[in-house]
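Worksheet for the structure shown next.
The values are calculated or read from the model by the stated rules, or taken from the named source; none is laboratory data. Bear in mind that the values here come from a model prediction, so they are computed numbers and not experimental data. For neighbour counting, all protein chains shown are included, and Cβ atoms are generated from backbone atoms with ideal geometry for every residue, glycine included. Only protein heavy atoms, including side chains, enter the accessible area calculation; ligands, DNA and RNA are left aside. Shrake-Rupley method; radii C 1.70, N 1.55, O 1.52, S 1.80 Å.
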Amino acid sequence: MRGHDWINTCLPDELILEILRRLDSKSSHDACSLVCKRWLGLERLSRSTLRIGASGSPDIFIKFLAQRFVNVKAVHIDERLSISLPITAGKRRRRDENSLLSLKIHFAGERNEPKEEECEPFCLTDSGLTAVADGFAKLEKLSLIWCSNVTSFGVMSLAQKCSLLKSLDLQGCYVGDQGLAVVGQCCKQLEDLNLRFCESLTDSGLVTLATECGRSLKSLGVAACARITDKSLEAVGSHCKNLETLSLDSEFISNKGILAIAQGCPLLEVLKLQCINVTDRALMAVGASCLSLEMLALYSFQQFTDEGLRSIGKGCKKLKNLTLSDCNFLGDRGLEAIATGCTELTHLEVNGCHNIGTIGLESVGKSCPYVCLLLLSFATNFLRGQKSRLWSVARRLTELALLYCQRVGNFALTEVGRGCKYLQALHLVGSKGIIAVGENCHSLTDLSLRFCDRVRDEALIAVGQGCPLKYLNVSGCNQIGDAGIVAVARGCPNLTYLDVSVLQNLRDIALTELGEGCPLLRDIVLSHCHQITDIGLSHLVKNCQMLESCHMVYCPSITASGVATVVSSCPNIKKVLVEKWKVSPRTKRRASSVLSYLCVDL
């Protein structure tokens with residue numbers, strides 16, 4: 001029968017609930033909850049994850065959510081984010097309760113600065129954490145990011161009532177040893193623990209936790225905990241035999257602690273270290289014992305040499321991801337050993353390692369045929385004038401970043417274009433030359449040329465004609481003008497992100513072409529474009545109906561009329577970054593929730 005509600009008539013609650021659980025986005029959940037009262041109740045039962053920012057009264061807000069979402073298993077509370085809760089007062093409040101689910105993230109600068117005495121209500125307390133424990137009985141994953149008012153008492157209450165907890169993130173929380181000890185005693189299924197910036201912790205708390213629930217622990221992160229020493233790592237090595245991921249950032253960890261981890265945790269797969277007192281001896285132990293290692297990241301080590309890397313290359317045959325950052329004593333020989341021994345390597349990042357040059361990178365290209373991501377930053381010895389074979393052998397490369405590599409010039413980029421046929425993402429800062437990439441890399445969808453001041457319109461014309469770009473950042477490329485952007489607009493109809501900030505030669509004609517040629521555009525950054533006017537904006541938004549964000553600060557020719565045009569013409573707009581004085585009272589009333597006045601990401 002036409003107009004009959006067959007879905008609600010024929011489908012039982014169990015089937016509708018299963019359908020709702022398979023929805024992959026919050027917006028889809030929100031839309032389904034508005035269908036009818038029955039679907040609203042079922043949608044609440046289907047929710048398994050909640051993400052919460054800093055609210056006006058977080059403890060009360062937690063209790064409110066716990067009453068409505070009884071099957072939640074994961075709660076993420078991040079007090080670095082501020083939210084506005086669209087709750088109306090009076091009799092209409094019941095109709096708008098569901099709007100609490102549509103929490104809108106705003107920049108802090110959009111509100112007036114809070115007074116010192118007003119800061120307290122915006123922080124989750126032990127009372128709120130108790131509400132989490134009481135309200136979410138099935139809780140398995142909890143993140144408390146920079147919840148500075150949470151103490152050991154709140155964590156103890158949580159641990160005693162949430163014995164099913166498997167993941168706990170206490171980043172930036174002032175939790176002491178007593179709270180961590182109770183977590184170990186009560187949460188025997190704990191697998192993932194993050195203790196970054198937990199400054200009040202000492203060895204006592206972590207040793208107790210490792211002793212009590214070490215068998216289940218698989219991932220541990222410790223950073224900026226000044227009173228965590230080798231003693232804690234020895235306990236982890238003795239009791240956490242199933243540990244797979246370890247991240248350490250500490251000035252107080254030495255070889256002794258890393259040796260205990262290497263010898264006691266043979267299943268380790270991910271190791272990230274920033275420990276200035278650790279030497280080659282620790283790396284040798286890792287290479288000899290951690291044969292399942294797949295990811296290794298070494299940051300700011302002044303005592304590591306090629307000898308340590310050779311041990312990794314000799315023992316860790318499964319290594320796929322390697323990051324070397326500011327390790328000044330590592331050179332080509334160490335990287336050659338990695339390339340020879342770790343032939344499954346797919347990701348390599350070299351940042352500020354001045355003794356690593358072309359020879360080491362060529363060995364990676366020759367011996368590691370599966371490398372798909374290569375990031376080089378401040379590589380001063382790379383491509384010192386000679387012809388490199390790296391690009392001809394690294395044919396599977398799909399993402400390349402050359403950041404502040406001043407010796408990379410037109411010849412090298414020509415070789416990139418000819419050799420890396422599968423390249424999809426290219427990021428350059430402080431480099432030059434891009435025409436060959438555009439002519440040869442026909443799979444390129446992501447291109448970043450920030451502040452490459454020698455890139456001209458001819459390069460973008462080649463890219464526009466040969467590459468199906470979806471992401472383009474040419475911020476600060478001051479020699480690019482209308483011709484290059486027009487070529488991209490005509491040749492890249494699938495473009496969704498564009499950053500043309502600080503392009504002084506860009507005019508309205510470019511925005512007109514973008515409006516006609518890129519209907520899928522969602523994000524555009526126009527800040528510091530002095531020749532863009534309200535006319536160009538009107539042509540842009542006329543056809544770009546999917547636009548979600550527009551940054552246009554420091555554009556002197558854009559007025560309040562242009563801002564109003566963007567807000568009124570784009571039904572999906574979520575963020576407009578502009579000077580506050582350019583917003584008319586009428587525009588502010590109509591779209592205050594999408595307006596932001598902070599000058600960031602320029």
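Residues whose amide H falls under 5 Å from that of L426, counting only those 5 or more places apart or on a different chain, are L400, D446, L447, S448, with hydrogens built in the peptide plane.
A 1.4 Å probe run over the protein chains yields, for region 454-545, 37 Å² of accessible area per residue, whole-number rounding.
Modelled this way, with points 7 Å down the Cα-to-C-beta line, the labels at K314 and N71 are 5.5 nm from one another. Residues whose amide H comes within less than 5 Å of that of L168, counting only those at least five positions distant or on another chain, are L142, D192, L193, N194 (H built at 1.01 Å from N in the peptide plane). Among the protein heavy atoms of the chain, carbon and sulfur supply 52% of the accessible surface, probe 1.4 Å, non-protein parts ignored.
For S377, the amide hydrogen comes within under 5 Å of the amide hydrogens of V350, N351, G352, L403, counting only partners 5 or more places away or on other chains and with H modelled in the peptide plane. Packing around the peptides 564-574, 154-164, taken as the average count of other Cβ atoms within 10 Å per residue, puts them in this order, highest first: 154-164, 564-574. As an equivalent ellipsoid, region 138-181 spans semi-axes of 16, 12, 8 angstrom, where each value is the square root of five times an eigenvalue of the C-alpha gyration tensor, largest first.
What the Cβ-Cβ distance of E516 and D5 gives, at R0 = 41 Å and to the nearest 0.05, is a FRET efficiency of 0.45. Pairs exceeding a 23 Å alpha-carbon distance, out of K231/K320; K218/K320; K188/K317; K138/K188: K231/K320; K188/K317.
Backbone phi angles across region 571-585, fed through the Karplus curve with coefficients 6.51, -1.76 and 1.60 (θ = phi - 60°), yield HN-Hα couplings of x, 9, 5, 10, 8, 10, 9, 7, 5, 5, 6, 8, 9, 6, x Hz in residue order; Gly and Pro are listed as x.
Summarising the label geometry, the points placed 7 Å from Cα in the beta-carbon direction at D453 and R51 lie 3.8 nm from one another. Counting only Cβ charges, +1 for Lys and Arg and -1 for Asp and Glu, the dipole size of the chain around its Cα centre is about 1340 debye.
With 0.36 nm allotted per residue and the present C-alpha distance subtracted, the K231-K574 stretch has 118.5 nm of extension available.
Normalised by 2.2 N^0.38 Å, where N counts its residues, the alpha-carbon radius of gyration of the chain equals 1.09. What FRET efficiency comes out for R586 versus E344 if R0 is 56 angstrom and r is the Cβ-Cβ distance? Round to the nearest 0.05. Result of the calculation: an efficiency of 0.40. If the segment from L15 to Q504 were pulled out straight at 0.36 nm per residue, it would be longer than the present Cα-Cα gap by 170.3 nm. Working note: Karplus 6.51/-1.76/1.60 with θ = phi - 60° gives region 289-301 the couplings 10, 9, 6, 9, 4, 10, 9, 9, 10, 10, 10, 6, 9 Hz, where Gly and Pro are set to x. With each label modelled as a point 7 angstrom along the Cα→C-beta vector, the K256-T211 pair spans 1.8 nm.
In deg cm²/dmol and to the nearest 500, what is the mean residue ellipticity at 222 nm of the chain if only DSSP H runs of at least 4 residues count, each as -39500 (n - 2.57), divided by the residue total? Per the formula, -10500 deg cm²/dmol. Calculated accessible area for region 239-348 comes out at 38 Å² per residue, all protein chains present (probe 1.4 Å; ligands, DNA, RNA ignored). Taking only the C-alpha atoms of region 173-232, the Rg (one decimal) and the largest Cα-Cα distance, Dmax (whole number), read 10.3, 27 Å. Couplings 3J(HN,Hα) of region 495-512, computed from phi: 4, 10, 9, 9, 10, 10, 5, 6, 9, 6, 9, 7, 10, 5, 4, 5, 5, 4 Hz, in residue order, whole Hz [Karplus 6.51 cos²θ - 1.76 cosθ + 1.60, θ = phi - 60°; x for Gly and Pro].
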